[in-house]
Amino acid sequence: MFYLPAKLILRIFFYFTGGVKVKGLSNVPKKGPLIIVSNHQSILDPPVLMACMPRKINFLAAAYLFRIPVLNILLSMAGAIPVKSEKGDFASFKKALRILENGGVIAFFPEGGVSPDGNLRPFKSGWAYLALKSGAPVLPVAVTGTRDVLPVGTYIPRRGRIEVRVGECVPMEKKGRVRQEDFGELNMIMENRLKSLLLK
């Protein structure tokens, strides 16, 4: 019940900070399970996706984000799921799987935290595990400009243009047994997709 009001508040907020330009929104499936995989340049990235994506997003977010004033309220309003360990949190993954089984959307920032220099960091494998266990398609989304609006280590936003580039969905095959080597292959595919979107 709080998601739509939070979405409206965020849209107003980003209007005053310079706006958000979105490209490729037609690539977002209108229904069915979906995993969004995005780069992470600022703590503003989750609110940006929440504001501009047409579907309700459930975030798998690092637990430290829930300790940041204002952001913790927005994440809670969005129904975000805290991940308490860098290696994954089995309880949070089970909850995420249930959401996907019910046709919901899960968003991941697989770098494991905000990039200190803005460059894409190696991916952790939680998103790939969920994709293979659920068979949900994966949508690469590149976010740029948030690093300028709210640089790492700051909490007062500046004016700046944010851009969101939505790539094409990557279909996934559901697997009962997930192998470690599957993770590396999928991480490479998704890293390349995001690098390509970031260069556009």
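Could you look at region 87-200 and say what percent of its accessible area is carbon and sulfur, using a 1.4 Å probe and all protein chains? Working shown, then result.
Working: 3070 of 6050 Å².
Looking at region 87-200 in its full context, I get 51 percent from C and S.
Assigning unit charges at the beta carbon (Lys, Arg +1; Asp, Glu -1) and nothing else, what dipole magnitude in debye, to the nearest 20, does the chain show about its Cα centre?
The dipole of the chain has a size of about 460 debye.
For the pair Val70 and Lys94, how long in nm is the line joining their label points, each one 7 Å along Cα→Cβ?
Rounded to a tenth, the inter-label distance reads 3.6 nm.
Are there any helices in the chain, counted as whole DSSP H runs, that stretch 24 Å or more along their axis by Cα and score at least -1.0 on average by Kyte-Doolittle, and if so which?
What comes out of the filter, once short or polar helices are dropped, is 180-199.
Need one number: % antiparallel among DSSP beta bridges in the chain, to the nearest 5.
25 percent
Excluding Tyr3 itself, calculate the net charge of residues whose Cβ lies under 13 Å from the Cβ of Tyr3, where each Lys or Arg counts +1 and each Asp or Glu counts -1.
Cβ neighbours under 13 Å give a net charge of +4.
Could you do me a favour and compute the accessible area per residue for the chain, 1.4 Å probe, result in Å²?
I get 51 Å² per residue for this part.
Just need the relative contact order of region 14-171 here, percent rounded to a whole number, with Cα pairs under 8 Å and 6+ apart.
39 percent
Which of the pairs Lys30/Lys56; Lys21/Lys124; Lys23/Lys174; Lys30/Lys84 have their Cα atoms more than 19 Å apart in this structure? Display every interim value, and only then the final one.
Details: Lys30/Lys56 11 Å; Lys21/Lys124 28 Å; Lys23/Lys174 29 Å; Lys30/Lys84 31 Å.
Flagged as over cut-off: Lys21/Lys124; Lys23/Lys174; Lys30/Lys84.
Work from the charge dipole of the chain (Cβ charges, +1 for Lys and Arg, -1 for Asp and Glu, about the Cα centre) and give the residue of Ser26, Ile156, Phe2 farthest towards its positive end.
Result: Phe2.
Could I get the Rg over Rh figure for the chain? Both from C-alpha atoms, Rh via Kirkwood, rounded to two places.
Rg/Rh: 0.93.
In a solvent-free Debye calculation with one equal scatterer on each Cα, what is log10 I(q)/I(0) for region 1-103 at q = 0.13 Å⁻¹, listed in the order of the q values?
Result of the Debye calculation: -0.49.
Determine Rg/Rh for region 95-172; Rg is computed over alpha-carbon atoms and Rh is the Kirkwood hydrodynamic estimate from the same atoms.
With Rh from the inverse mean 1/r over Cα pairs, Rg/Rh is 1.03.
Which of the listed residues, Gly167, Gly104, Ser125, is farthest toward the dipole's positive end in region 13-170, when Lys, Arg count +1 and Asp, Glu count -1 at the beta-carbon?
Checked the options; the winner is Gly104.
The values are calculated or read from the model by the stated rules, or taken from the named source; none is laboratory data. Just so it is clear, the model here is predicted, and its values are computed rather than measured. Please note: Cβ atoms are built from the backbone with ideal geometry, for glycine as well, and neighbour counts cover all protein chains shown. The protein model used for the area step is the full one, side chains on, heavy atoms only, and it has no ligands, DNA or RNA in it. Shrake-Rupley method; radii C 1.70, N 1.55, O 1.52, S 1.80 Å.
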